Structures are given as C-alpha cells and as structure tokens.
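Accompanying notes for the structure given below.
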Amino acid sequence: MSTTRKFRLGAFIQATGHHISAWRHPNSQADAGFNFEHYKEITQTAQRGLFDAVFLADSPGVWGGAPETQHRNGKIVHFEPVTLFSALSSVTQNIGFISTASTTYEEPYTLARKFASLDYLSNGRAGWNVVTTGNENAALNFGLEHHPEHSQRYERAEEFVEVVKGLWDSWEDDAFIRDKESGIYFDPDKLHTLNHKGKYFSVKGPLNVGRPPQGYPVIVQAGASESGRDLAARTAEVIFTANQTLADAQEFYADVKGRLAEYGRFPDDLKIMPGAFPIIGRTESEAQEKCEFLQSLIHPDVAWGILKNYYQGVDLAKYSLDDLAPELPTDTNTNKSRLKLVRDLATRGTFTLRQLYLSLATARGHRTILGTPETIADQLEEWFNNGAADGFNIMPPILPTGLDDFINLVVPVLQKRGLFRTEYEGSTLRENLGLRRPGNRFVAKQVNEKLVLA
C-alpha cells in the first residue's frame, strides 16, 4: 500500500444542496429533506467515489428565525442524522457516517448509547460531529429561557466528551465471553463503572452497549473560535473548518496542529478538512454560467434573510442592496468564528450588501471554487500541498447532480495525480482516515498501576 499522503474527502450533504436556493433548481430533489431514496442515492454515489464519509450538519431547532417567516426556505425540514444513518448503513459497505449531535441539548448517556449503536450497525463506520449549538432558538425547545453563553457551552462540551468516552470504555473489547456451556456471558473483571461526578454531569454507568467496534466513533469538530480550537486540540480527530484564503487556512492549520503536543497528541492524530463548494463546468465560462443561474434563484426576501442572520441588532431598513455593507457586529453568542469570517470577507472586499449576500448564498462563508475539473483539482491541491488542509469536505451546490459531477469529473483527476485513493484502505472509518484505534482508559490505568507497583 502506498505511503504517499492522500486527500481525505467528505461529502457534506445538505438535503437539496448547499446553495441557499438549491431547492428551486431544475436538477434538485425538492423534497430531499425527508426522502430516503434521495439520501440512499447520494450516499452510494459518495461510496462509488471512494469518499471517506458523508456528513450531516444538524440543529435541535429550526434555524433562521421564526418558522412562519421562512416559507421560502427549502431546508427547513430534514431527517435526524443518526436515525437516517442507521438506515443507510444497511445499504452501504465502506462509506463512513459523521453525524452532528449537540453537547448543549443532549445528555452524555443517551448520546454515547446511540453512537455506539450506530458504530455496531455500520460495522465501525460512525463518527460524531461535536457541536455546542449556535442556534439560539433551540433553548426554547428544551425548557430553557436563554441559550447558554458561548464559554459555558464549551466548558460543558469538554466535560461532555470525556464522559461519553468514559462510557464507551465501560466494557473491554473482549468482555463478552458468551460461553453457553459454563453459562458465563461476560467477565465481570472487564466491566468498568464510570462513576463520574463533575460540574455539569453526574453519570454512573456502565453503558448498556458494548465497546464500539472502533473503540470510539471518530470524533469530529467544527468550531474555530479560540475555545473551539482548544477543544479540537484536546479531543477532535477531524476538523471541518471554513476558510476563504490560503493564508487564513495555513494559519488555522498550523495553530491547531501546534496545540496537539500539549495534550500528548501527534499531527497525524488530527485531520483538518476545510469546506469547499465546487461549481464545475467543461469550460470556465460554463462554470460561471452555472453560478450565475444559481444566484438568480435567490428571492429578495431570502437575500435580506441571509443578511439579517449576521446583522443581528442592526436596522437594515435604511439600506438598499447596492449600498456598501455597514460594519458587522463584533460579537455574538452563536457562531463566533463564522461571524469573524463574514466580517473579514466584507472588510476584505469592501462589498455592497448585494455582493455580501451573494457570497454567503453559496457556502455560508466556506470557500467557493469555480472552474473546470482540472482547475478545481489545482485549487484543492494548492491547499493540500501548502500546509492548509489534509483533505476537504465537499459541499455540492445542488444534489444529487453536484456530487455526481465532482465524482465523475474531479476525482479521476485527483487519482491520476496520485492524490486520492483508488480503493478503500480498510473497513472502518478510522482505518480509511488513517486514525489509530484508541485504547480503553481503564485497561491503560490498570497497566500503569501494575508498572508502578513493579
């Protein structure tokens, strides 16, 4: 097997596609949010393209304001990810499943249980995208009057992840003997009760699911604020990030990888995969035409809705779309890193409000790349070879055709250049990502105690 460094590729699925008005495109599946056959087709396409995983973002509440004002939002309803992936695992063999779940609005025991179950159902292909939730509307769905503060959410998240890992270690890998003759089902010496008592959680354990096939499902994170970077350095094995420029991507890559040693980790223990929104044409002009058509589908109400998401507390009524974008707020209790990215984008380009919403309508601040299969590959390769990325989270503008185009046209170019696999390396998500399988913390503790006594 070649030891040459290869691209890691995820397919970031957003129902009809990532463009804000993708559902209006003639080639999109308008009812995609709750159409299982649609997701089945996309996931099998991603597997045919040898992608590492499909990824679903999620929130425990409707995004973007009051639901009754969002009658033009084609992404307002969609499946819960773990439920969907459990079904998709039965119609695939190799592709991984990375599902978003919130440390703010879920409980460690139930989350540990469902992700361990998904890892078993998929034979070791599960991943957990750890989010603290930036959606302030979610609080009212869980008996809370206010969304917890950003710093509190991250503090809770650190404890949450450690509790979940501890629960996944409840049983040693070979705890279950299942000896019918003796009547012994499991070895009690290989059962470990967590008995966690912390600031946010009190969890006894053990988990009533065996240790996951991967040890732990792959831990994924997407935050890029200072708190998010530190949480990633402590716990994440994959980071999905949003960067607009090579310099910004290089800074993020070097910063987060540079923090790993503090936590006893190595650079290869973490894969950094920026989002990329590709618009592919046989020629540059065809790609540009595709982009312009997509942008033409945006209704003015939707345009103002995009802007209001970022200009919270700012009265936009006195502006027209052709006015220069006013200064954006400097802070938020939702997604701090995304607000900074949008502020930088607006400042860097001296954008009008129209230019700003058009930039955000494609990939919400992730990088938009436009061109032929070869120039798309060139742009990805530049970041990969210059300390900015270990791979990419591909965000098709429309689905299913946008993913088809990338796999049929761009993947062969990457393979020809020796940058992407021609077959899967392993059977689990960890193996395909090149991540080691974690040991059981309780076994490691026993080994250390024996060494001390010796």
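The values are calculated or read from the model by the stated rules, or taken from the named source; none is laboratory data. Here the structure is a predicted model, which means the values were calculated and not measured. Glycine gets a Cβ as well: all are built from the backbone with ideal geometry, and neighbour counts include every protein chain shown. Side chains are part of the model used for accessible areas, which takes the heavy atoms of the whole protein and leaves out ligands, DNA and RNA. Shrake-Rupley method; radii C 1.70, N 1.55, O 1.52, S 1.80 Å.
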*How far apart, in nm, are the 7 Å Cα→Cβ label points at S427 and L191?*
2.8 nm
*Proximal aspartates and glutamates relative to K290, as straight alpha-carbon distance under 19 Å, when same-chain residues fewer than 8 apart are discounted*: E374, D404, D405
*Bridge type composition, the stretch 53-176 - antiparallel percent by DSSP, nearest 5*: 0 percent
*Any chance you could check the Cα centroid distance between the stretch 79-131 and the stretch 23-40 for me, in angstrom?*
22 Å
_Long pairs among K40/K165; K190/K271; K257/K340; K114/K197; K40/K257, criterion Cα-Cα beyond 27 Å_ = K40/K165; K190/K271; K40/K257
*Integer Hz, Karplus 6.51/-1.76/1.60 couplings in order for the stretch 192-204, x for Gly and Pro*: 10, 8, 5, 6, 7, 9, x, 5, 9, 9, 10, 9, 7
*Placing +1 at every Lys and Arg Cβ and -1 at every Asp and Glu Cβ, with all other atoms neutral, what dipole size does the stretch 1-113 have around its Cα centre, in debye to the nearest 20?*
500 debye
*Rg over Rh, two decimals, the stretch 29-139 (C-alpha only, Kirkwood Rh)*: 0.98
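Can you give the helix-only mean residue ellipticity at 222 nm for the chain, where every DSSP H stretch with n ≥ 4 adds -39500 (n - 2.57) and the sum goes over all residues, rounded to the nearest 500 deg cm²/dmol?
Only helices count here, giving -11500 deg cm²/dmol.
Please give the FRET efficiency for I184 paired with A87, using the beta carbon to beta carbon distance and R0 = 25 Å, rounded to the nearest 0.05.
So, using R0 = 25 Å, E works out to roughly 0.10.
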*asked:* Using +1 at the C-beta of Lys and Arg and -1 at the C-beta of Asp and Glu, which of L321, G215, I184 has the Cα lying farthest in the positive direction of the dipole of the chain?
replied: I184
*So what are the ³J(HN,Hα) numbers for the stretch 223-240, from phi and the Karplus equation (6.51, -1.76, 1.60; θ = phi - 60°), rounded to whole Hz, Gly and Pro as x?*
x, 10, 5, 4, 5, x, 5, 5, 4, 5, 5, 6, 10, 7, 10, 9, 10, 9
*What whole number of Å gives the distance from the Cα centroid of the stretch 383-403 to the Cα centroid of the stretch 286-315?*
22 Å
*asked:* Compute the helix-to-body angle for 353-363: its Cα long axis versus the longest principal axis of the chain, expressed 0 to 90° and rounded to tens.
replied: 40 degrees
*Additional length obtainable on full extension of the chain from E37 to K308, 0.36 nm per residue less Cα span*: 94.1 nm
*Residue among F85, N135, T100 farthest towards the positive dipole end of the stretch 79-176, charges placed on Cβ*: F85
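Could you compute the FRET efficiency for I177 and D315, with r as their C-beta to C-beta distance and R0 at 41 Å, rounded to 0.05?
0.05
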*Any chance you could give the angle, 0 to 90 degrees and rounded to 10, that helix 300-310 forms with the longest Cα principal axis of the chain?*
50 degrees
*What does the convex hull of the Cα atoms come to per residue for the stretch 173-311, in Å³?*
264 Å³
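Only bridges with both residues in the chain count here: give the DSSP antiparallel percent, nearest 5.
Of all bridge pairs located within the chain, approximately 15 percent are antiparallel.
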*State the answer as a single residue: which of T193, H147, W168 lies farthest towards the positive end of the charge dipole of the stretch 128-216, with beta carbon charges of +1 for Lys and Arg and -1 for Asp and Glu, about the Cα centre.*
H147
*Given the Cα-Cα distance of I76 and A261 and 0.36 nm per residue of separation, how much length would full extension add, in nm?*
62.5 nm
*Ignoring ligands, DNA and RNA, what percent of the 1.4 Å accessible area of the chain is carbon and sulfur?*
52 percent
_Simple Cβ-charge dipole of the chain, Lys/Arg +1 and Asp/Glu -1, about Cα centre, in debye nearest 20_ = 480 debye
*asked:* If packing is taken as the average number of other Cβ atoms within 10 Å across a peptide's residues, how do 320-327, 120-127, 279-286 rank, most packed first?
replied: 120-127, 279-286, 320-327
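How much length, in nm to one decimal, is gained on full extension between A66 and T245, taken as 0.36 nm per residue of separation minus their Cα-Cα distance?
On the way: separation 179, 0.36 × 179 = 64.44 nm, distance 3.36 nm.
That pair, A66 and T245, stretches by 61.1 nm at full extension.
In Å, what Kirkwood hydrodynamic radius results for the chain from the alpha-carbon pair distances?
23.0 Å
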*Short version: ³J(HN,Hα) in whole Hz for each residue of the stretch 165-170, in order, from phi by Karplus 6.51 cos²θ - 1.76 cosθ + 1.60 (θ = phi - 60°), x for Gly and Pro, what are they?*
4, x, 5, 5, 8, 3
*What angle, in degrees between 0 and 90 and rounded to the nearest 10, separates the Cα long axis of helix 108-121 from the longest principal axis of the Cα atoms of the chain?*
90 degrees
